[in-house]
Amino acid sequence: MSNKNKKQKAVSIMRCFYCFIASILLSLPVTAENAVLKKAELRVLDIGNSYTAGATHLLPLIAKASKADLSTMCLYQCSRGGASFKNWVDIYNDKDSKIYSITKVVGRLSANVQTGEGEAGDGKLFRDLLTNETWDLIIIHQYSLYAPYYSTWNTNSAAGYLDELISIIKEHQPNAKLGFLLVHSYWSGYEKNTEKSSYDRWQLIANSTKSFCEDYGVDFVIPYGTAIQNLRSSSLNNEYDLTRDGTHCGYGLAEYTAACSYYESLIAPRCGISVVGNSARIDVSDKDSKYPSVNVTDENALIAQEAAYLATQNMYQCQNPEDYTSIVYGAVNDSPRTIVYDMQGRRIGHPQKGLNMIRMSDGKTKKVIANVK
């Protein structure tokens, strides 16, 4: 067998192994966020900016490849470039200076929504979006420039007005669950990255998200920013932290990872089909961007999917997906020289569903995501 054929066979085997992770999700308890996701009909509204658009750009491709049944759900997006909480309050009050757009992202369920562009200084389309349909889940997020600094979110400044936006949403949608989008951080070398570190800035964003969720009782978060940071901790990172211009997700692999996080957070719990093992791939070699684009291939797709999966398991911790090198199917190794621990460091007889630590006979330790029959 040629080296090329051996490589293709190995990739195929690994893809099959990763598909077993889907069953782990099905064993998770039904939490508050899962309850709303499993309603007979689900209508989701995502209010954001270019980060929202970039993170969902490849979601239809991934959803189609998963063959998940989306006939009873829909995701709509209301987006305005560079929008903060204050900008959406201004749009609602006919005071904003930029256009905004409303689009349908995925799902076959109908909604009483007028898609298209809203003119600058005219918030009617946005107001109608909030009043003409009953939404089950409404997701918001802060503009990237202010996302790390939670203490500013309710100030009388460009970074503030969080309470005002939530009041507007609750006035029109009192029964909707409120969700949040944990966004990614800038490239370490980007001029507006005052922390000069993509990791440090992501940590601040994650901490701000945690504080927001605790203060407002929010229990649904799409942690795509953590998924991106997970990917950055792997060998797939590049000198621009996988951005296309220092701030936005790079075309291809980064946007794919973000969309995988959306899928794993929003669709997988509803449909029972994990993004891990998804067959969607994309060639972005024709994309023109300031910094390099990265194609999604059989060699890197699984790492991106794993980065997204790990983010949904722990959105406040950065984890290298390449550290999770083994998928356990059936018994791992019955040899007494192999010792298995849970993630609290307690020795156990056999791998448990979810995350385990395995000390091999050569002394090396592996982090393992296990699907044990």
Legend entry - Principal axis box of region 126-166, alpha-carbon based, largest edge first, Å: 33, 17, 13
Legend entry - Cut-off under 5 Å, modelled amide H: who pairs with K177 long-range: L137, I138
Inset, instruction - Count neighbours as other Cβ atoms within 10 Å of each site's Cβ, and list the GluC sites (Glu not before Pro) in region 174-222 that are DSSP loop with at most 16 such neighbours. - result: E191, E195
Inset, instruction - Please report, largest first and rounded to whole Å, the three semi-axes of the ellipsoid equivalent to region 50-134, where each semi-axis is the square root of five times an eigenvalue of the C-alpha gyration tensor. - result: 26, 15, 8
Inset, instruction - Rounded to whole Hz and in sequence order, give me ³J(HN,Hα) for region 202-208 from the Karplus expression 6.51 cos²θ - 1.76 cosθ + 1.60, θ = phi - 60°, writing x for Gly and Pro. - result: 4, 4, 5, 5, 4, 5, 5
Legend entry - Intensity falloff of region 232-285 expressed as log10 I(q)/I(0), Debye formula with alpha-carbon point scatterers, at q = 0.21, 0.24, 0.29 Å⁻¹: -0.85, -0.98, -1.15
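With a sphere of radius 13 Å drawn around the Cβ of G82, what net charge do the other residues whose Cβ falls strictly inside it have (Lys, Arg +1; Asp, Glu -1)?
+2
Expressed as cubic angstrom per residue, what is the convex hull volume of the alpha carbon set of region 142-257?
Working: hull volume 12.9 nm³, N = 116.
Hull volume normalised by residue count: 111 Å³.
Coordinate-derived values only; no laboratory data. Predicted model, so just to flag it, every value in this text is computed and none were measured. Cβ: placed from backbone, ideal geometry, glycine included. Neighbour counts: every protein chain shown.
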